[in-house]
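Let me begin by presenting the structure, written as structure tokens, before commenting on it.
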Amino acid sequence: MRGRVRTVANVTVKGPILKRLPRKLDVLEGENAVLLVETREAGVEGHWSRDGEDLPTTCQSSSGHMHALVLPGVTREDAGEVTFSLGHSRTTTLLRVKCVKHSPPGPPELAEMFKGRKNVVLLTWKPPDPAPETPFIYRLERQKVGSEDWVQCFSVEKAGAVEVPGDCMPSEGDYRFRICSVSEHGRSPHVVFHGSAHLVPTARLVAGLKDVQVYDGEDAVFSLTLSTIIQGTWFLNGEELQSTEPEGQVEPGALRYCVEHSGPQHRLTLHAVKHRDSGALVGFSCPGVQDSAALTIQESPVHILSPQDKVSLTFTTLEQVVLTCELSRVDFPASWYKDGQKVEESESLVVKMDGRKHRLILPAAEVRDSGEFECRTEGASAFFSITVRDPPVHILDPREHVFVHAITSECVMLTCEVDREDAPVHWYKDGQEVEDSDLMVLENEGPHRRLLLPVAQPSDGGEFQCVAGDERAYFTVNITDVSSWIVYPSGKVYVAAVRLERVVLTCELCRPWAEVRWTKDGEEVVESPALLLQKEDTIRRLVLPAVQLEDSGEYLCEIDDESASFTVTVTESYQSQDSPNNNPEVCVLLKRPKTRRLWSRFPPWRRAAGAE
């Protein structure tokens, strides 16, 4: 053609792959997809993949310079980017799978229902026209009248007729049916069979009636389970029980009952049965099933009316303890236990039964009666926790804090009087309980409780307590280490007197209660009108109201191993003008030195009372 230029050029492809894959490849679903690649060199091994995943070697083949990938019967899952790789060189194509549109089969024709036989329905139909090209089946569905749900019955491969018996139904009722054609390409519209059929499944027992044993006054429940849902009738002693009402009575004033039906389960409840109902026969009947069971009334079990919970009680000794347990049945036996051991009756423990009440009596409780008591009967127990304590102890004396001062080696007595002779007390020293020993002696005498320190030492001093119940008596004991009993005189005293003068010999001690012994020339003096012995606090005096010549001699005031010495010389008259002739009395306590006052311990008759 004039003016048109045609150019022919040779295109040279560089690289190991000479013939590459097309940019895209369209294949119909179900067809085979074939991809070819030519390489520069023969016998090399390439690599096929789709969307980055290796393809199976069974789909690959190679011959000389040619490499092929064959995907038989492709589906939509085979679509994707297919790549052939050889070294660093690669070629890619987009594989697209196009779907072929198929139509579902047509609906069956001439669907009819026949109800010639009892409890069986005959369904007939013709195949769709035109007949589908692909294989298909018929699906039959049922619907119970009053329900909106359709349920598949079964599938049929060939057209014609099918019988549906009542045994195929889950429960008794009126049923409708429909049918459709189904293939791999979908299903046809449903075709409904005209009318409905009443079908009753044949029932069989899955779990039958069982004999029932209950206690007087309880409900008796009879139940059974069938293989299908179907109505049934209950009987009591051959009399039909109406189930139109949820609850009914056999006759006015007689047994009340309740009939229940849930799915394949049937239940009959007889309310509050009595002894007179024992031996009754309960029956159930439905098409294909008849069953019965007996009712037995047992003696009602005993239970405890009171107490319902564990009872905790506290008593004092000699009080009467009465534990009461009331049972639900009259004169039913029960046993009493204490700390798990069955009790034995005695004068101190009495067991009584009066109708429903069982009693355990302790006429005069003692501390050892404390424990856990149990009234045990058949299948039930009542529990009691009993605590018996001595009555509260009160301290009568002392009521105030007592301070006791003593010197070493003295006997110290702390006394506490309580209101009961049998009341126990505990002694404490500086917070530690005192135990009876040679150094600390504990005595009980009637209501009096004593703590003795036979030979008190400074280390025995401290804070003492007498504890009786919740009350306490407090004592503070101080022990002073004293080296001498006699404070004055410290040396020998000389007394010169004229006949008929009054002479007073004085000795001062460190304790007011200390006893002394006066002697003259080694013999103990005897008190008389002519020789008087006086005591005043810590002062001890020997008084000669009218001294005589024969009163001259050596006088001693003795206590323990100590003594004060007085030498008395009596004359008719003084030998010197400087002598005190005109004095009516001669007293040796003319120049008594100053002495340190010492606290004294009280005499025993006061210490026993705890007075200061």
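Structure notes:
- Strands (runs of 3 or more DSSP E) (entirely within the range 489-545) containing at least 2 residues that are free of Cβ contacts under 8 Å to residues at least 12 places away in the same chain: 532-536
- Within the range 130-187, considering residues that are outside any loop (DSSP other than H, G, I, E, B) and small (Gly, Ala, Ser), the one nearest to the chain's Cα centre (by Cα): Ser171
- Given (1) open to solvent by less than 60 Å² (accessible area, probe 1.4 Å); (2) in the same structural domain as Ser278 (by the TED database); (3) free of Cβ contacts under 8 Å to residues at least 60 places away in the same chain, number of the condition Asp219 does not satisfy: (1)
- For Leu362, the conditions (1) more than 30 Å from Trp336 (Cβ to Cβ); (2) in contact (Cβ under 8 Å) with a residue 40 or more places away in the chain; (3) buried (at least 16 other Cβ atoms within 10 Å of the Cβ) all hold with the exception of (1).
- Sole exception among (1) touching a strand residue (DSSP E or B) at 6+ places or on another chain (Cβ under 8 Å); (2) touching a residue at least 24 places away in the same chain (Cβ under 8 Å) for Phe114, by number: (2)
- Counting only strands (runs of 3 or more DSSP E) wholly contained in the range 366-406, the ones carrying 1 or more residues that are under 30 Å from Phe475 (Cβ atoms) and within 35 Å of the chain's Cα centre (by Cα) occupy 380-389.
- Which listed residue, of Ser437, Ser409, is hydroxyl-bearing (Ser, Thr, Tyr), touching a residue at least 40 places away in the same chain (Cβ under 8 Å) and assigned to a loop (DSSP other than H, G, I, E, B): Ser409
- Meets criteria (at pLDDT 85 or above, touching a Cys at 6+ places or on another chain (Cβ under 7 Å) and of a type outside the set (Phe, Trp, Tyr)) for Arg96: no
- Applying the set (1) out of contact with any Phe, Trp or Tyr (no Cβ under 6 Å at 6 or more places or on another chain); (2) hydroxyl-bearing (Ser, Thr, Tyr); (3) touching a residue at least 12 places away in the same chain (Cβ under 8 Å) to Ser300 leaves exactly one unmet item: (1).
- Residue match in the range 304-323 (condition: surrounded by 13 or more Cβ atoms within 10 Å (Cβ to Cβ), assigned by the TED database to the domain that holds Tyr257 and aromatic (Phe, Trp, Tyr)): no
- Among the conditions (1) closer than 30 Å to Gly446 by Cβ; (2) open to solvent by 50 Å² or more (accessible area, probe 1.4 Å), Leu414 misses just one, which is (2).
- Hits in the range 108-151 (condition: in contact with a Lys or Arg (Cβ under 6 Å, 6 or more places away or on another chain), surrounded by fewer than 15 Cβ atoms within 10 Å (Cβ to Cβ) and not acidic (Asp, Glu)): Leu110, Val151
- Scan of the range 486-507 for residues that are surrounded by fewer than 18 Cβ atoms within 10 Å (Cβ to Cβ) and in contact with a Leu (Cβ under 9 Å, 6 or more places away or on another chain), ordered by number: Arg499, Arg502, Val504
- For Asp369: the one exception among (1) in the same structural domain as Pro447 (by the TED database); (2) open to solvent by less than 60 Å² (accessible area, probe 1.4 Å): (1)
- Only one of the numbered conditions (1) open to solvent by 60 Å² or more (accessible area, probe 1.4 Å); (2) closer than 30 Å to Lys101 by Cα; (3) part of a strand (DSSP E or B); (4) not basic (Lys, Arg) is not met by Ser61, and that is (2).
- Of the numbered criteria (1) open to solvent by 70 Å² or more (accessible area, probe 1.4 Å); (2) among the hydrophobic types (A, V, I, L, M, F, W, C); (3) more than 60 Å from the chain's Cα centre (by Cα), the one Val206 fails is (3).
- Candidates are the residues of the range 508-539 that are within 16 Å of Val495 (Cβ to Cβ) and either charged (D, E, K, R) or in contact with a Cys (Cβ under 8 Å, 6 or more places away or on another chain) (or both); the one that is most open to solvent (accessible area, probe 1.4 Å) is Asp521.
- Subset of the range 64-78 (residues that are in a loop (DSSP other than H, G, I, E, B) and touching a residue at least 40 places away in the same chain (Cβ under 8 Å)): His65, Pro72, Gly73, Val74, Thr75
- Residue match in the range 247-258 (condition: part of a strand (DSSP E or B), basic (Lys, Arg) and surrounded by 13 or more Cβ atoms within 10 Å (Cβ to Cβ)): yes
- Number of the exception - Val164 against (1) surrounded by 11 or more Cβ atoms within 10 Å (Cβ to Cβ); (2) without any contact (Cβ under 8 Å) to a residue 40 or more places away in the chain; (3) under 16 Å from Phe193 (Cα atoms): (2)
- Taken across the range 79-101, residues that are touching a residue at least 24 places away in the same chain (Cβ under 8 Å), on the phi > 0 side of the Ramachandran plot, open to solvent by 40 Å² or more (accessible area, probe 1.4 Å) and out of contact with any Lys or Arg (no Cβ under 8 Å at 6 or more places or on another chain) do occur, with at least one present.
- The single residue among Asp430, Asp436, Asp470 that is of a type outside the set (Lys, Arg) and at positive phi turns out to be Asp430.
- Residue, nearest to His401 (Cα to Cα), within the range 446-479, restricted to residues that are β-branched (Val, Ile, Thr) and open to solvent by less than 50 Å² (accessible area, probe 1.4 Å): Thr476
- Filtered residue count, the range 318-361, keeping only those that are part of a strand (DSSP E or B), more than 20 Å from His303 (Cα to Cα) and over 35 Å from the mean Cα position of the chain (by Cα): 2
The values are calculated or read from the model by the stated rules, or taken from the named source; none is laboratory data. For clarity, every value in this text was computed on a predicted model and none was experimentally measured. Please note: Cβ atoms are built from the backbone with ideal geometry, for glycine as well, and neighbour counts cover all protein chains shown. The protein model used for the area step is the full one, side chains on, heavy atoms only, and it has no ligands, DNA or RNA in it. Shrake-Rupley method; radii C 1.70, N 1.55, O 1.52, S 1.80 Å.
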